[in-house]
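For reference, the structure discussed in these notes is given below.
The values are calculated or read from the model by the stated rules, or taken from the named source; none is laboratory data. The structure presented is a predicted model; accordingly, all values stated were derived computationally and were not measured. Every residue, glycine as well, gets a Cβ built from its backbone with ideal geometry; the counts of neighbours run over all protein chains shown. What goes into the accessible areas is simple: the full protein's heavy atoms, side chains included, and nothing from ligands, DNA or RNA. Shrake-Rupley method; radii C 1.70, N 1.55, O 1.52, S 1.80 Å.
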Amino acid sequence: QVQLVESGGGLVQAGGALGLSCAASGRTFTTAAMAWFRQTPGNERELVAAITWSGSRIAYADSVKGRCSISRDNAKNTVYLHLNSLKAEDTALYYCATGSRFSRDYSLYDYWGQGTQVTVSS
């Protein structure tokens, strides 16, 4: 059992930057892969970024490559997401997730945070 709590969402100006944090508790040694997904109404949940325990593998969505950085601090059981040059299309509900497999597919993740809303305004 793993609990995930996101923080850092809010209203951000277009062209600005945001940083999200996700703190894990419980059986944190099972968090082999951690990821950020986002979802807007009527759309499928999509990967933003994913990272393995050691950081040896990292994946980014094409839409955020060059603007996004995912990292994790295992001593703090926390994964981070930084996204800059924000666009209106970055507006979404952002979820933190973890699972045993490194994947771009949301259905393969086992535990999810409550989600944090990011709204980009212009």
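Tabulated data
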| quantity | calculated |
| --- | --- |
| Where 27, 72 fall by accessible area, highest first, once all protein chains stay in place (1.4 Å) | 27, 72 |
| For segment 24-122: accessible area per residue (Å², 1.4 Å) | 51 |
| Between segment 1-20 and segment 84-122, the Cα center-to-center distance that results, in Å | 9 |
| Where no second cysteine Cβ lies under 4.7 Å, the cysteines concerned in the chain | 68 |
| Residues of segment 36-66 with amide N under 20 Å of a point placed 7 Å along Cα→Cβ from residue 89 | 36-50, 59-66 |
| Of 29, 102, 37, the one that fluctuates the most in a GNM where the chain has Cα springs shorter than 10 Å | 29 |
| Residue 82-residue 1 pseudo-label distance in nm [points 7 Å out on the Cα-to-Cβ vector] | 3.5 |
| Antiparallel %, DSSP beta bridges [both residues in the chain], to 5 | 90 |
| Computed label-point distance, nm, for sites residue 69 and residue 54 using a 7 Å Cα→Cβ extension | 2.2 |
| Residue order for 81, 93, 11 - accessible surface, 1.4 angstrom probe, largest first | 11, 93, 81 |
| Which of 95, 80 is most accessible, then next, and so on - probe 1.4 Å | 80, 95 |
| Relative contact order for segment 1-87, counting Cα pairs under 8 Å that sit 6 or more residues apart, in percent | 32 |
| Share of carbon and sulfur in the accessible heavy-atom surface of the chain [1.4 Å probe, %] | 48 |
